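Peer 1: First, the structure itself, so that you have it in front of you.
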Ligand code: NDP
Ligand code: 8X3
């Protein structure tokens, strides 16, 4: 499909938050197509393991770039210090993100919310700011932001997280406007329920609470989202998939979900 399939072997993909879930699945998907990968995350040992797995399994090149996307100086140093053959990033997947808690807006912990805001908004913006100028110069590149259904409407217990994902939508739309006179593309992928480490992080390690989120429904997997990310990136060069809202078949909105045991109407 498109031009990507023909040239994937020569493409460089930069994935933030690649040590788990959607980011890790994207790493496998793009490596399986022969692309070389820049793998970011906070956990060096997980990154090293992912790099080893991917290089052995798919025979592609990979490089690890361990830093916290909230750390502007570390990000700047890491990206500008990339060896020459890794500088020409073709696809940036801004994936690193999280939510902490389900607290009400007037009750939650400001420090936790700063973590969510600094990661999901400022971290994404930092990486975009560092990577996109090179794409503009080379007249080539695709920025794929992992937004969320949570950015479309607020839901109970999601106030701050929803705000950050609304921001991801605004940053994606704004960047698309800023790049309209270039060959660069911007895509905002907005998943619904995906079973990853996401809910375990949200419930601060409480696996039973996390499992309850997906009870009675077949959630999406990281691999389902990676397929969509790949689809967007492999579209012909004149095709810009601006946004994708993707949910399990039994999810209709962030909060309207059909669980087995309930009757189909
Ligand atoms: P996971 O928790 O499985 O993965 C999140 C990844 O982001 C981890 O590798 C994590 O690393 C990394 N990360 C978190 N904070 C930072 C940081 N400051 N710097 C660098 N890396 C960081 O969850 P998902 O794969 O589900 O989440 C990926 C993205 O998808 C997020 O943006 C999330 O908001 C979004 N999303 C998820 C949905 C879902 O239902 N799962 C639905 C819609 C969107 P570490 O292990 O170090 O924390
Ligand atoms: C994650 C999906 O519905 O838990 O972005 O906010 S949701």
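The numbers here are math on the coordinates, done by the rules we state, and not lab data. Here the structure is a predicted model, which means the values were calculated and not measured. Cβ atoms come from the backbone with ideal geometry, glycine included; neighbour counts cover every protein chain shown.
Peer 1: What shape does region 12-108 have by the C-alpha gyration tensor, where a ≥ b ≥ c are the square roots of the eigenvalues, rounded means a/c under 1.5, and otherwise prolate means a/b greater than b/c and oblate the rest? Let's see the in-between values first.
Peer 2: Numbers: a/c = 2.28, a/b = 1.58, b/c = 1.45.
Verdict is prolate for region 12-108.
Peer 1: Also: Which FRET efficiency, nearest 0.05, do residue 71 and residue 259 yield, Cβ-Cβ r, R0 35 Å? Working shown, then result.
Peer 2: Details: r = 40 Å, r/R0 = 1.15.
Approximately 0.30, to the nearest 0.05.
Peer 1: Further, regarding this structure: Taking only Cα atoms, what is the 0 to 90° angle, nearest 10, from helix 21-32's long axis to the longest principal axis of the chain?
Peer 2: In the chain, helix 21-32 runs at an angle near 30 degrees to the longest axis.
Peer 1: In degrees from 0 to 90, rounded to the nearest 10, what is the angle of the helix 159-178 Cα long axis to the longest principal axis of the chain?
Peer 2: 30
Peer 1: Give me the one-decimal nm value for the distance between modelled label points at residue 136 and residue 238, 7 Å along each residue's Cα-to-Cβ direction.
Peer 2: 2.6
Peer 1: Sticking with this one: Specify the angular offset, from 0 to 90 degrees and rounded to the nearest 10, of the alpha carbon long axis of helix 124-138 from the longest principal axis of the alpha carbons in the chain.
Peer 2: Taking Cα atoms only, the helix is inclined about 30 degrees.
Peer 1: Now a separate question. In nm, to one decimal, how far is the residue 42 label point from the residue 252 one, both placed 7 Å along Cα→Cβ?
Peer 2: 3.7
Peer 1: Quick one: grab the alpha carbon gyration tensor of region 170-265, order the square roots of its eigenvalues as a ≥ b ≥ c, and give me rounded if a/c is under 1.5, else prolate or oblate depending on whether a/b is larger than b/c.
Peer 2: Prolate, since a/c reaches 1.5 and a/b exceeds b/c.
Peer 1: For the chain, what is the calculated [θ] at 222 nm in deg cm²/dmol (nearest 500), taking -39500 (n - 2.57) for each run of four or more DSSP H residues and dividing by its residue count? Walk me through the numbers on the way to the answer.
Peer 2: Numbers: 11 runs with 112 residues, N = 265.
Taken over the chain, the calculation gives -12500 deg cm²/dmol.
Peer 1: Sticking with this one: Is the C-alpha gyration tensor of region 65-125 telling us rounded, prolate or oblate? Criteria: a/c under 1.5 is rounded; beyond that, a/b larger than b/c is prolate, otherwise oblate. Intermediate values should be presented prior to the final figure.
Peer 2: Working: a/c = 4.20, a/b = 2.65, b/c = 1.59.
Prolate.
Peer 1: Taking only the alpha-carbon atoms of region 76-194, what semi-axes of the equivalent ellipsoid follow from 5 times the gyration tensor eigenvalues under a square root, in whole Å, largest first? All intermediate terms of the calculation are to be shown ahead of the outcome.
Peer 2: Values: eigenvalues 170, 51, 22 Å².
Largest first, region 76-194 gives 29, 16, 10 Å.
Peer 1: Using mean Cβ contacts within 10 Å as the protection proxy, how do 209-222, 247-260 order, highest first?
Peer 2: On the way: 209-222: 16.1, 247-260: 14.4.
Ranking the peptides 209-222, 247-260 by packing returns 209-222, 247-260.
Peer 1: Can you tell me how much longer the chain between residue 88 and residue 215 gets when fully stretched, taken as 0.36 nm per residue apart minus their C-alpha distance, in nm with one decimal?
Peer 2: Difference between extended and current length: 41.4 nm.
Peer 1: Moving on. Packing-wise, with mean Cβ within 10 Å as the measure, how do 52-61, 164-173 rank, highest first? It would help to have the intermediate numbers written out before the result.
Peer 2: On the way: 52-61: 14.9, 164-173: 20.1.
Ranking, from highest mean packing down: 164-173, 52-61.
Peer 1: Right, here's the next one. On average over all directions, what projected area in square nanometres does the chain have, based on the convex hull of its Cα atoms?
Peer 2: Numbers: hull surface 59.1 nm².
Answer in nm², one decimal: 14.8.
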